[in-house]
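Heads up, the thing below is written out as structure tokens.
Laboratory data are not the source of any read-out in this text; all were calculated from the coordinates shown. Remember, predicted model here, so these are calculated numbers, not experimental data. All Cβ positions, even for glycine, are placed from backbone atoms using ideal geometry, and neighbour counts span all protein chains on display.
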Amino acid sequence: HPLVVCTPHLGASTKEAQNNVAKDIARQFLDIMNGKSVPGVVNAPLLSEMLKHQNLLWTRLGRNIGMVAAMDSPKARSLKISINGNEARKVAKLIRETVLVGFLSTITGKEVKLISASNLAQEMNVEAKLEPNDTDGHCCFSTVRLQTETGNEYVAIPQGRRSYLTEMNGHRFEPAIVMNGHLTIVELINSTDYEKMMKTMATNMAINSVTRSNDHSLVAIHSTESLSTFSYVDH
């Protein structure tokens, strides 16, 4: 229409609009500091769950197991997540999103934010589904199981303030492996001298200053089918 002028996005560039934006941002900061809800936030319920102190462990566990899966199965594009335990089920959606954060951050080599993980997953054709669980609904022992369409499987549990990897591709770790710091997992094909191989690897890692602190775990898995080595870092 000749009497209509469209100015996409320019409406926010007036002095009045900029002043109002500044005031809104200041109010939001004050509301967050005072523990109040912030109106107009995208994915607000999910972010609110993530920021709760009691959910920080689940946020880290989901991200960690996603990172391990990406290191071991970088070509996977379908992730199935099964969750046991009453406490874990309460934050199932949060765990799903943080699994995506860890998985996508690792395969892209870039930092992925919780708020953009789902959209990025769609762009990359990565699907993460929460699978129904047939176990007793009153189960109190929390576990997160992640499976890929490539046949790989990982199980993690929370313990104290840390998350632990208890199973990987049919291998059960006893004791469980803490997913903190540097974690190197190696599959050994028909190794006849297991102890010698482990000592050699540990020595090489020390020479290359990998083990400067006590936050590095080295795990070997006996295998007859394939060989895969990867390092995982939890910052």
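Could you list the GluC sites (Glu not before Pro) in region 69-139 that lie in coil according to DSSP, counting only those with at most 12 other Cβ atoms within 10 Å of their Cβ?
GLU111
When a footprinting reagent is the concern and you count Cβ atoms within 10 Å, what order do LEU56, LEU120 take, fewest first?
In order of increasing Cβ crowding within 10 Å: LEU56, LEU120.
Using each residue's phi in region 93-98, evaluate 6.51 cos²θ - 1.76 cosθ + 1.60 at θ = phi - 60° and report the 3J(HN,Hα) Karplus result to the nearest Hz, with x for Gly and Pro.
5, 5, 4, 4, 5, 6
Give a quick list of trypsin sites (Lys or Arg not before Pro) in region 75-105 that DSSP marks as loop, anything other than H, G, I, E or B, with at most 11 other Cβ atoms within 10 Å.
Taking region 75-105 and a limit of 11 other Cβ atoms within 10 Å, the loop trypsin sites (Lys or Arg not before Pro) found are LYS75.
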